[in-house]
Amino acid sequence: MFKIFVDGEAGTTGLQIYDRLAKRTDVEVLRIDPELRKDVNERQRLINESDVTFLCLPDAAAVESAALCTNPNTCIIDASTAHRVNPDWTYGMPELSAAQREAISKAKRIANPGCHATGFILGVHPLIASGLLPKSANVAAYSLTGYSGGGKKLIAEYEEEAALGHKPGESLAIMAPAPYALALAHKHLPEMKKYCELENTPFFNPVLGPYYKGMAVTAAIFANQLTKKVTPEELTEVLAKHYEGSNFVSVMPYEAAPAVSPALVNGRLNPTICNGTNNACIQVFGNETVMQVTTIIDNLGKGASGAAIQNMNIALGLDEALGL
C-alpha cells in the first residue's frame, strides 16, 4: 500500500486531494497532528516516510518543504507555482506528448500545472506542435473562472451571507464578471509560454465569475498567423489527432451551428460542464478568418487536485485514471 502525505491539507486543493484519496483502498494517507502542522521536524518525518507527498502551499513554503525531502524514493508533487518552469522539475501535463508522460512516470519532482495554464496549453500546444501555429505568433486569450480558485479568502468574500443574493433589476458588483491581473503579468504566464514553446508572452485576461467552480479558457486564432489556410473543421481535426486515445481530454466536433453544442446553453458558453471530473473538453468556434479554441475544465479538478492525482498515478506506475 502506498503512503501519501499532503503538506498543506487545509487549503482548497489539499482538501480536494484528501476527498479523492479517501475513496481509495490502495493508499494510506499519513495525517499530521493539527497542532504540529507547522512543526518542521514532524513535516519532514512524514514527507520522508511517504511514497508521494503533495505540496499544497504558498510558493515560498513549497520551496522550503521540498527541501525537507531527503528520501530518494519519495516523489514530490508541488501544486504551487514555485517549480513549474524549473528545469529540475518535470511539468505534470502528460497530454503534452508521449515523452512527457514517460518523464512523469520516472520523475521524483513533479510540478502540477496551474488551472489557467492547463486550459491554455491544452488548446494551443497541439497547434504549435503540429506546425500550424508558428512559435512567433502573438496569442491573445481570456479565461472565465469560478471563485474557488482564489482560495479561502476569496471564497469567504463570495460566500458571505447574502453576498450573491439579489433582486431583479439590481446590479451588485459581486454579481458581475470581474477581469483581474490587469498588470498583464499573471503568475501562470511563464508556464503558458514555456510549454507552448511560444517566443512571445501571450496576452492573457482572466475573468472572475460569481459561481463556485468551472473554467473556460479561450485562445484567439487568427488565420493570417497560421502557416497554412485551414477551416475550423480542419483545426478541430488537428486537436482531435493530438488527443486521440486520451483518458481525460476530448475534442468536440466543430458545429457550423454552435447552438447545438453541449458546451452551450441557449447559445451561451457553459464553463461548468466538466465540474466534478478530471476531464477537459475542447471546442473550436468561428470561421476561416478568425477562430477560437475554448478549453473547459473544473479548475479544482483537471486544474488542480485531479491533475495531481493523475500525476501520482503515473508516477506510481498505476492506471492514470484510478480514482478519477
Margin query: Condition first: open to solvent by 80 Å² or more (accessible area, probe 1.4 Å) and aromatic (Phe, Trp, Tyr). Now tell me which residues in region 188-208 satisfy that.
Written below: Phe203
Check: Of everything in region 88-132 that's small (Gly, Ala, Ser) and farther than 16 Å from Ala307 by Cα, which residue is least open to solvent (accessible area, probe 1.4 Å)?
Finding: Gly123
Margin query: Among the residues that make up region 154-172, is at least one of them modelled with pLDDT under 95 and under 21 Å from the mean Cα position of the chain (by Cα)?
Written below: yes
Next item on the list: Taking the residues in region 140-153 that are open to solvent by less than 10 Å² (accessible area, probe 1.4 Å) and not in a helix (DSSP H, G or I) as candidates, determine which candidate is farthest from Leu55 (Cα to Cα).
Entry: Ala141
Margin query: Here is a list: Ala181, Ala216, Ala240, Ala185. Which entry is open to solvent by less than 40 Å² (accessible area, probe 1.4 Å) and either farther than 16 Å from Cys115 by Cα or in a loop (DSSP other than H, G, I, E, B) (or both)?
Written below: Ala181
Check: Which residues, counting only those in region 219-236, are open to solvent by less than 10 Å² (accessible area, probe 1.4 Å) and part of a strand (DSSP E or B)?
Finding: Ala219, Ile221
Item checked: Subset of region 244-258 [in contact with an Asp or Glu (Cβ under 9 Å, 6 or more places away or on another chain), surrounded by fewer than 18 Cβ atoms within 10 Å (Cβ to Cβ) and under 25 Å from Ile309 (Cβ atoms)] -> Ser246, Asn247
Check: When you scan region 180-203, how many residues do you find that are of a type in the set (Phe, Trp, Tyr) and more than 26 Å from Ala156 (Cβ to Cβ)?
Finding: 2
Item checked: Selected residue (only one of Gly301, Gly306, Gly323 is at pLDDT below 95, open to solvent by less than 50 Å² (accessible area, probe 1.4 Å) and either more than 25 Å from Phe54 (Cβ to Cβ) or of a type outside the set (A, V, I, L, M, F, W, C) (or both)) -> Gly323
Next item on the list: Quick one: Ser105 ticks every box in (1) under 20 Å from Lys38 (Cβ atoms); (2) outside any loop (DSSP other than H, G, I, E, B); (3) out of contact with any strand residue (DSSP E or B) (no Cβ under 7 Å at 6 or more places or on another chain); (4) among the small types (Gly, Ala, Ser) except a single one, so which number is it?
Entry: (1)
Next item on the list: Say whether the condition of being touching a Phe, Trp or Tyr at 6+ places or on another chain (Cβ under 6 Å) and surrounded by fewer than 19 Cβ atoms within 10 Å (Cβ to Cβ) is met by at least one residue in region 47-68.
Entry: no
Next item on the list: Just give me the residues in region 115-139 being touching an Asp or Glu at 6+ places or on another chain (Cβ under 6 Å) and outside any helix (DSSP H, G or I), in sequence order.
Entry: Lys135, Ser136
Check: When only residues in region 277-288 that are at pLDDT below 95 and not in a strand (DSSP E or B) count, which is farthest from Tyr142 (Cα to Cα)?
Finding: Glu288
Note to self: Testing Gly267 on (1) among the small types (Gly, Ala, Ser); (2) surrounded by 18 or more Cβ atoms within 10 Å (Cβ to Cβ); (3) farther than 21 Å from Val139 by Cα, one condition comes back false. Which one is that?
What the structure shows: (2)
Next item on the list: Quick one: in region 23-46, of everything that is among the hydrophobic types (A, V, I, L, M, F, W, C) and at pLDDT 90 or above, which residue is surrounded by the fewest Cβ atoms within 10 Å (Cβ to Cβ)?
Entry: Val40
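The values are calculated or read from the model by the stated rules, or taken from the named source; none is laboratory data. Everything numeric in this text was worked out from a predicted model, so none of it was measured. Heads up, the Cβs are rebuilt from the backbone with ideal geometry, glycines too, and the neighbour counts pull from every protein chain shown. Just so you know, the surface numbers come from the protein's heavy atoms only, side chains and all, with ligands and any DNA or RNA stripped out. Shrake-Rupley method; radii C 1.70, N 1.55, O 1.52, S 1.80 Å.
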